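Here is the structure we will look at, set down as structure tokens.
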Amino acid sequence: MAADNWNNDRFSEGRLMTLINTIGNSLLLGILFLICSLPVVTFGTSLSAFYYAMIKTVRRERGYPVREFFSAFKRNILKGIIFTVLLGVIGYLLFLNRTIYITKDDPDGAAHTALWVTVYDILLVVWAAFTVWIFPVISRFKLEFKKTVSLTFTIAGRYFYFTVLLIAGWALTVYLCLKLSVGFTLIVPPLACYGATYIIERAFRRFIPKPSEKEDGWYYDGE
């Protein structure tokens, strides 16, 4: 009986330490993400590094959070900046044009205005769907620009329900960060990123080849 209690105590302590490490490493990655996003144009690069380090070091317990974060950051800095700038400009123009149609007096009538507002709403949904997937894709797949875009659209369309969940999740994350205090801003992004890994990895498993026996297949979540 005493031996059983000792084993149970060690099991409980092990689970507690795992939980503490998970929380600590997640918060650390969240801080790195926020700091490296400050230049704005590096937001996408920082987000891709955030996701990569979260799945590898926190979920799969491989490597060290700071090292993996900056390794991924340096590896994807150019591609991340390009997509950040492109998506920022496209999103701004779509939102601006939608706002113009809503606020101006359209001589062609309300139906014409409603049509164009609907068109821009659809384009904004497509923009959001692409945006929530592109940076995790960058973090995990070494592809040229066209293939990266193609794969991102493929995943966003094939896993439409996942896409909706990710859009809703990140929209809620942004809302909470804007409404809550700075302290919560340090907590919300890590929670969102950690939760997103369970959705994103389910989609990625179809596109990641099974590793050989000699490889460390931390990145593979297939059957």
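Taking each residue as 0.36 nm, the span from F70 to L34 lengthens on full extension beyond its C-alpha to C-alpha distance by 11.6 nm.
If R0 is 22 Å, the Cβ-Cβ spacing of L151 and R202 corresponds to a FRET efficiency of close to 0.90.
A simple rule links phi to the HN-Hα coupling: the Karplus curve 6.51 cos²θ - 1.76 cosθ + 1.60 with θ = phi - 60°, which for the range 179-193 gives 8, 8, 6, 4, x, 6, 5, 7, 9, 5, x, x, 4, 5, 5 Hz, with x for Gly and Pro. Using θ = phi - 60° in the Karplus curve 6.51 cos²θ - 1.76 cosθ + 1.60, the 3J(HN,Hα) couplings for the range 17-22 round to 5, 4, 5, 5, 5, 4 Hz; x is entered for Gly and Pro. The range 14-83 and the range 161-197 have Cα centres lying 15 Å from one another. Phi angles across the range 202-209 convert, under the Karplus curve 6.51 cos²θ - 1.76 cosθ + 1.60 with θ = phi - 60°, into 3J(HN,Hα) values of 5, 7, 5, 4, 6, 10, 9, x Hz, Gly and Pro given as x.
Relative contact order of the range 7-204: 23 percent, from C-alpha pairs under 8 Å at least 6 residues apart in sequence.
Bear in mind these aren't lab numbers, they're just calculated from the coordinates by the rules spelled out. The structure presented is a predicted model; accordingly, all values stated were derived computationally and were not measured. Glycine gets a Cβ as well: all are built from the backbone with ideal geometry, and neighbour counts include every protein chain shown.
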